[in-house]
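Okay, structure first, notes after.
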Amino acid sequence: MAQVEPAGSSPDRSAAATVGGRPIVPPALAEETPWYRRRGFERLLSVLSPVAIIAIWELGARAGVVDIRFFPAPSRIFETLLEMLKPTADYPRGELITHFTISLSRVAVGFVLGAVPGIAIGLAMGLISWVRAVIQPLVDGTYPIPKIAILPLFIMLLGIGEESKYAIIGVAVIYQVLINTVAGVRNIDRIYLDVGKNFHASRLMMFLDVALPGALPVILTGLKLGMGVALLVIVSAEFVGAKSGIGYLIWSSWQVFQIEKMYVGLLLSATLGFGSAILLNWLEHKLVPWKPR
């Protein structure tokens, strides 16, 4: 049996602890994280990569390598963006802010309309077998239908106003959230459900105190997927069924060949997606602090 000899047991206080006569090397000394794997370097790469792409694009446009009719210089796009921030007679708050806030409000309302029932129905399907038997075939049959394809139906039913936009986003989001919620509940360890039943937990307690916390990591994944789909759907819906919003800005700019404005619209869409991702990641960190980041 190898004997551990602590450093303090010998007269030489500078000697290291040994096992079988061999010094024990602390993990921090044995395996030092390489510089290219450190979090700070990874964050630096995350910032430098888009900056490098924009710089190459700018240089290519100025050198004539890139056709500026279709790929205008980023500096020209930025100038157009600043111009669109200025108030005008048609857009008192500025054209850019007007389109952005309208799309943001549509996404927010539609996302809530889809996420809340998606979580509720998903929890019921995960816990109650007969509910799952009734709804699952409907989900399987209608999920593959492109959600933007039913926009004309919503326009006929709800009109060309905001209600049809909210409805199409809600339908697109509910599938993502519902499917992930069901998967999260079904993957909960059976012992937790049995404990709740043995202690005679009410149906509401089984929903809120057992199923919801147990499925929360997967539910949040569904919310992230739902938000991504919501952004795709709202831009597509605004192409044909709106007179304002990011999608309308992109489509109308393309029709009159205002390419710089079109790229500003694409930048707005990317900004909206990036901001929503940060918000949902923050929410996940607060609600599921034990999940590794």
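Here are a few things to note about the model shown:
- Only a single criterion out of (1) surrounded by 21 or more Cβ atoms within 10 Å (Cβ to Cβ); (2) within 19 Å of Gly247 (Cα to Cα); (3) modelled with pLDDT of 90 or more is not satisfied by Leu151, namely (3).
- Region 64-78 - residue that is exposed (fewer than 13 other Cβ atoms within 10 Å of the Cβ) and charged (D, E, K, R) and, of those, nearest to Phe257 (Cα to Cα): Arg69
Residue-wise test of (1) surrounded by 16 or more Cβ atoms within 10 Å (Cβ to Cβ); (2) farther than 28 Å from Phe70 by Cβ.
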{"residue": "Gly245", "(1), (2)": "yes, no"}
{"residue": "Tyr248", "(1), (2)": "yes, no"}
{"residue": "Trp251", "(1), (2)": "yes, no"}
{"residue": "Gln258", "(1), (2)": "no, no"}
{"residue": "Lys261", "(1), (2)": "yes, no"}
{"residue": "Gly265", "(1), (2)": "yes, no"}
{"residue": "Ser269", "(1), (2)": "yes, no"}
{"residue": "Glu284", "(1), (2)": "yes, yes"}
{"residue": "Leu287", "(1), (2)": "no, yes"}
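- Of the residues screened, Trp254 is one that is free of Cβ contacts under 8 Å to residues at least 60 places away in the same chain, farther than 27 Å from Gly122 by Cα and in a helix (DSSP H, G or I).
- Check on Gly226, outside any loop (DSSP other than H, G, I, E, B), surrounded by 21 or more Cβ atoms within 10 Å (Cβ to Cβ) and among the small types (Gly, Ala, Ser): yes
- Among the candidates Arg76, Arg93, Arg62, Arg69, the residue that is within 26 Å of Lys243 (Cα to Cα), part of a helix (DSSP H, G or I) and basic (Lys, Arg) is uniquely Arg76.
- Among the conditions (1) surrounded by 13 or more Cβ atoms within 10 Å (Cβ to Cβ); (2) within 30 Å of Ile121 (Cα to Cα); (3) touching a Lys or Arg at 6+ places or on another chain (Cβ under 9 Å); (4) not hydroxyl-bearing (Ser, Thr, Tyr), Leu231 misses just one, which is (3).
- Some residue of region 191-198 being assigned to a helix (DSSP H, G or I), at pLDDT 90 or above and over 21 Å from the mean Cα position of the chain (by Cα): no
- Qualifying residue in region 228-245 (condition: among the acidic types (Asp, Glu) and farther than 30 Å from Ser75 by Cβ): no
The values are calculated or read from the model by the stated rules, or taken from the named source; none is laboratory data. All values reported here derive from a predicted model rather than from experimental measurement. Counting neighbours? That spans all protein chains shown, and the Cβs are built from the backbone with ideal geometry, glycine included.
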